[in-house]
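See structure below.
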Amino acid sequence: GKGSWKRRVKNVKKEIDAVVDSLLISISEKTKITRAPYKIDVPLFNSFLSLFKYTDTKDQKQAWKDIYKDLISEKPMNRLVCGDVGFGKTELAMRASFVVSFKKQVAVLAPTTILALQLYKSFKKRFNDFPQKICLLSRLQSLKEKQIIINLIETGACDIVIGTHSLIS
């Protein structure tokens with residue numbers, strides 16, 4: 001009909017404005033949130049680092065420096081680490097998980113069951129010499145196995161849980 005395109009454009013602009021306003025409010029509220037900084041046991045952390053059998057890339061070193069600053073800050077971390085396959089994102093996640101897991105539980109969310117299983121195996125191997133209990137939660141487990149993991153999470157017996165959207169549900 002007459003003017004329907006203009007109405008649609010006007011409605012879309014209103015919706016965009018509403019989303020932008022919502023984001024700005026959310027960001028503004030987020031800047032007010034604080035938390036206790038994570039204390040890092042340097043000798044223990046260095047022993048964890050010493051077991052990493054590769055040399056950090058320049059970008060990986062910078063990303064870890066930024067993550068480290070976030071961890072020791074009073075502001076919650078809001079960071080996205082992206083990069084090509086094989087360039088150390090999982091290692092950075094493990095380092096952050098190592099630091100946080102002494103004080104809080106850690107959840108690592110993977111988009112697929114295959115990636116969740118790969119991450120679980122990598123974390124188990126990397127944390128082998130340390131006390132963290134690592135669990136896997138995905139659709140490939142039976143209801144009984146899931147309930148056991150959920151109980152471990154609820155009781156605090158699981159330090160790091162890796163899973164798919166099953167973590168959310």
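The values are calculated or read from the model by the stated rules, or taken from the named source; none is laboratory data. Remember, predicted model here, so these are calculated numbers, not experimental data. Heads up, the Cβs are rebuilt from the backbone with ideal geometry, glycines too, and the neighbour counts pull from every protein chain shown. To get the accessible areas, we keep the full protein, side chains included, count just its heavy atoms, and leave off ligands, DNA and RNA. Shrake-Rupley method; radii C 1.70, N 1.55, O 1.52, S 1.80 Å.
Pop out the ³J(HN,Hα) list for the range 51-57 in order, Karplus 6.51 cos²θ - 1.76 cosθ + 1.60 with θ = phi - 60°, rounded to Hz; leave Gly and Pro as x.
8, 7, 7, 10, 8, 4, 6
If you put +1 on each Lys and Arg Cβ and -1 on each Asp and Glu Cβ, how big is the dipole of the range 25-72 around its Cα centre, in Debye rounded to 20?
With Lys and Arg at +1 and Asp and Glu at -1, about 60 debye.
For every helix of n ≥ 4 consecutive DSSP H residues, a contribution of -39,500 (n - 2.57) applies; sum these over the chain, divide by its total residues, and give [θ] at 222 nm rounded to the nearest 500 deg cm²/dmol.
-17000 deg cm²/dmol
On full extension of the chain, what length is gained from VAL12 through LEU51, given 0.36 nm per residue of separation minus the C-alpha to C-alpha distance?
Extra length available between VAL12 and LEU51 comes to 8.7 nm.
Taking a probe of 1.4 Å, how large is the accessible area per residue of the chain, in Å²?
Per residue, the chain has an accessible area of 71 Å².
If I take R0 = 30 Å and measure r between the Cβ atoms of ALA157 and VAL42 in this structure, what FRET efficiency does the formula 1/(1 + (r/R0)^6) give, to the nearest 0.05?
The calculated FRET efficiency here is 0.65.
Under a point spin-label approximation (7 Å from Cα along Cα-to-Cβ), what is the LYS32-SER4 distance to one decimal in nm?
Using points 7 Å along Cα→Cβ, the separation is 4.4 nm.
Subtract the Cα-Cα distance of HIS165 and SER22 from 0.36 nm times their separation in residues, and report this length gain in nm to one decimal.
Between HIS165 and SER22, full extension yields 49.0 nm more.
Compute the distance in nm between two label points, each set 7 Å from the Cα along the Cα-to-Cβ direction, one at LYS89 and one at ASP70.
1.3 nm
Give me the percent of accessible area attributable to carbon and sulfur for the range 1-114, probe 1.4 angstrom.
60 percent
Taking amide hydrogens as modeled 1.01 Å from N in the peptide plane, which residues meet the under 5 Å criterion relative to CYS135, leaving out close sequence neighbours?
Amide H neighbours of CYS135, under 5 Å, 5+ apart: ILE160, VAL161, ILE162.
So which trypsin sites (Lys or Arg not before Pro) in the range 60-105 are both in a DSSP loop and have at most 16 other Cβ atoms within 10 Å of their Cβ?
ARG79, LYS103, LYS104
Given bins 5 angstrom wide, list per bin the percent of all Cα-Cα distances in the range 1-40, short to long.
Per 5 Å bin, starting at zero, the Cα-Cα P(r) for the range 1-40 comes out as 6, 19, 12, 13, 11, 9, 9, 7, 5, 4, 3, 2, 1, 0 percent.
Work out the FRET efficiency for SER142 and LYS104 from their Cβ-Cβ distance, taking R0 = 30 Å, and round it to the nearest 0.05.
0.60
Considering only VAL9, GLN141, VAL108, whose Cα is most displaced toward the positive end of the charge dipole of the chain, charges sitting on Cβ of Lys, Arg (+1) and Asp, Glu (-1)?
VAL9
Relative contact order (percent) for the chain, with alpha-carbon contacts under 8 angstrom and 6 or more residues of separation?
Relative contact order, the chain: 20 percent.
Compute the distribution of all C-alpha to C-alpha distances in the range 1-77, in bins of 5 Å from 0, and list the percent of pairs in each, rounded to whole numbers.
Percent of pairs per bin, in order: 3, 12, 11, 14, 11, 9, 8, 8, 7, 6, 5, 4, 2, 1, 0.
Where Lys and Arg each count +1 and Asp and Glu each count -1, what net charge lies around LEU24 among other residues with Cβ under 11 Å from its Cβ?
Once positives and negatives cancel, what remains is -2.
Kindly express, to the nearest 10 degrees and within the range 0 to 90, the angle between helix 89-100's C-alpha long axis and the longest C-alpha principal axis of the chain.
Once rounded, the angle reads 70 degrees.
In degrees from 0 to 90, rounded to the nearest 10, what is the angle of the helix 58-71 Cα long axis to the longest principal axis of the chain?
The two axes meet at around 80 degrees.
When the scattering of the chain is computed by the Debye formula from its Cα atoms alone, each counted once and equally, what is log10 I(q)/I(0) at q = 0.15, 0.18 Å⁻¹?
-0.95, -1.22
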